[in-house]
1. Name the residue that is surrounded by the fewest Cβ atoms within 10 Å (Cβ to Cβ), counting only residues in segment 140-154 that are over 20 Å from VAL241 (Cβ atoms) and free of Cβ contacts under 8 Å to residues at least 60 places away in the same chain.
2. Of all residues being outside any loop (DSSP other than H, G, I, E, B) and of a type in the set (Gly, Ala, Ser) in segment 103-139, which is surrounded by the most Cβ atoms within 10 Å (Cβ to Cβ)? Just the residue, please.
3. List the number of the failed condition for LEU76; all other conditions in (1) modelled with pLDDT of 90 or more; (2) not in a loop (DSSP other than H, G, I, E, B) hold.
4. Can you work out which of the residues in segment 191-213 that are of a type outside the set (A, V, I, L, M, F, W, C) and under 11 Å from ALA170 (Cβ atoms) is surrounded by the fewest Cβ atoms within 10 Å (Cβ to Cβ)?
5. So how many residues does segment 155-187 have that are among the aliphatic types (A, V, I, L, M) and either surrounded by fewer than 19 Cβ atoms within 10 Å (Cβ to Cβ) or not in a strand (DSSP E or B) (or both)?
6. Kindly provide the set of residues from segment 243-274 that are among the basic types (Lys, Arg) and farther than 24 Å from GLY143 by Cα, ordered by number.
7. If we scan segment 246-256, do we find a residue that is in a helix (DSSP H, G or I) and out of contact with any helix residue (DSSP H, G or I) (no Cβ under 8 Å at 6 or more places or on another chain)?
8. I'm trying to understand the selection: among the residues of segment 220-239, which are assigned to a loop (DSSP other than H, G, I, E, B) and surrounded by 12 or more Cβ atoms within 10 Å (Cβ to Cβ)?
Amino acid sequence: MRNLLRIIVRYYFFFLFLFLEVVSIFLVVQNNSFHRGQFISQSRSVQGYFFETFGGIREYLVLRQTNQDLQMENTLLRNQLDGLTRKMESAGISNDSVPGRQFSYIPAKIINASINKQFNFLTLDKGRHHGLEPEMAVISPRGVVGVVYSVSGNYASVIPLINRDFRLSARIQNTGYFGSLSWPGTGYDQAILEEIPFHVELHEGDTIITSGYSAIFPEGIPVGTIKNFEVVEGNFYTIVVDLAVDYKTLSQVNIIRNLLREEQLELERISGND
């Protein structure tokens with residue numbers, strides 16, 4: 001403290017000069033609209049530079065995770081391509097006669113997110129102008145993220161799986177049994193799968209995927225893995241699922257457009273299955 005006082009006394013005129021400079025700049029900016037506009041413009045430029053710099057640092061820090069996600073996605077795509085090729089070969093279908101695709105994908109970036117509320121939401125940097133509509137599936141390289149809730153011209157809000165209102169038809173990959181998956185409202189990395197009969201053989205680590213029983217999510221998108229399970233007051237399991245997606249590091253997503261959605265919904269309305 002004594003040394004600090006000595007420095008202040010010793011450089012008294014310098015500190016006084018700095019103080020008067022700051023006061024002068026403040027008065028000029030406060031009382032002159034031109035200088036105020038220039039100051040705000042420059043301050044926003046500096047602010048934008050720092051945001052861009054820190055954003056670049058953050059992306060660099062998660063680069064390893066991003067590379068892992070890309071690798072997983074490439075593996076998934078190769079597996080799906082291999083499965084499609086095998087089906088074509090077994091059915092005697094040539095490459096030239098493959099019917100048109102059912103799904104298209106739109107890349108987007110998450111620009112805002114909440115993960116510690118009962119009703120969490122994500123905000124994307126794409127909207128109606130980019131082809132997004134409500135009730136489109138949102139996935140990441142790791143698996144299911146959520147469903148588009150509402151859109152504006154350039155932005156969209158998403159109900160993630162970690163929202164109390166979210167429900168998903170999910171299937172146990174190795175048995176084919178499906179049930180309803182929902183979020184219990186605590187944590188951001190686990191969900192509950194119900195309606196699986198107790199006679200089904202389950203194992204910790206079993207993979208959970210989308211069932212495809214909707215016009216939103218394609219079949220086979222990863223959801224998570226079984227952590228534990230028990231039978232509670234009935235003939236069905238209550239299964240705790242470790243989610244595939246880490247919402248704390250989630251950044252890049254894909255929105256899925258079902259090109260045959262309206263046709264499917266219309267048929268279900270006519271059949272009374274809606």
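1. Pass one, segment 140-154, residues over 20 Å from VAL241 (Cβ atoms): 148-154.
Add one more test, that the residue is free of Cβ contacts under 8 Å to residues at least 60 places away in the same chain, and what stays is 149-154.
Details: TYR149: 18, SER150: 15, VAL151: 21, SER152: 11, GLY153: 8, ASN154: 13.
Only one residue fits best here, namely GLY153.
2. Restricting attention to segment 103-139, the residues satisfying the condition of being outside any loop (DSSP other than H, G, I, E, B) are 103-113, 119, 122-124, 128-130, 137-139.
With the extra rule that they be of a type in the set (Gly, Ala, Ser), the set shrinks to 104, 108, 113, 137.
Details: SER104: 12, ALA108: 22, ALA113: 16, ALA137: 25.
Within segment 103-139, the match that is surrounded by the most Cβ atoms within 10 Å (Cβ to Cβ) is ALA137.
3. Of everything listed in (1) modelled with pLDDT of 90 or more; (2) not in a loop (DSSP other than H, G, I, E, B), LEU76 misses just condition (1).
4. Just the residues of segment 191-213 that are of a type outside the set (A, V, I, L, M, F, W, C), to begin with: 194-195, 197, 199, 201, 203-207, 210-213.
Okay, now just the ones that are also under 11 Å from ALA170 (Cβ atoms), so 194-195, 207, 210-213.
Values: GLU194: 15, GLU195: 15, THR207: 16, THR210: 24, SER211: 22, GLY212: 15, TYR213: 12.
Among them, the one singled out is TYR213.
5. So the first thing to find is which residues in segment 155-187 are among the aliphatic types (A, V, I, L, M), and the list is 156, 158-159, 161-162, 168, 170, 172, 181.
Checking which are either surrounded by fewer than 19 Cβ atoms within 10 Å (Cβ to Cβ) or not in a strand (DSSP E or B) (or both) leaves us with 161-162.
So the count comes out to 2.
6. Taking segment 243-274 and keeping what is among the basic types (Lys, Arg), we get 248, 257, 261, 269.
Correct list: ARG269 only.
7. No, every residue in segment 246-256 fails to be in a helix (DSSP H, G or I) and out of contact with any helix residue (DSSP H, G or I) (no Cβ under 8 Å at 6 or more places or on another chain).
8. Start the filter on segment 220-239 by keeping residues that are assigned to a loop (DSSP other than H, G, I, E, B), which leaves 220-221, 232-235.
Answer for segment 220-239, where residues must be assigned to a loop (DSSP other than H, G, I, E, B) and surrounded by 12 or more Cβ atoms within 10 Å (Cβ to Cβ): GLY220, ILE221.
The values are calculated or read from the model by the stated rules, or taken from the named source; none is laboratory data. If you're wondering where the values come from, they're calculated on a predicted model, not measured in any experiment. Because the Cβ atoms are built from the backbone with ideal geometry, glycine has one as well, and the counts that use them run over all protein chains shown.
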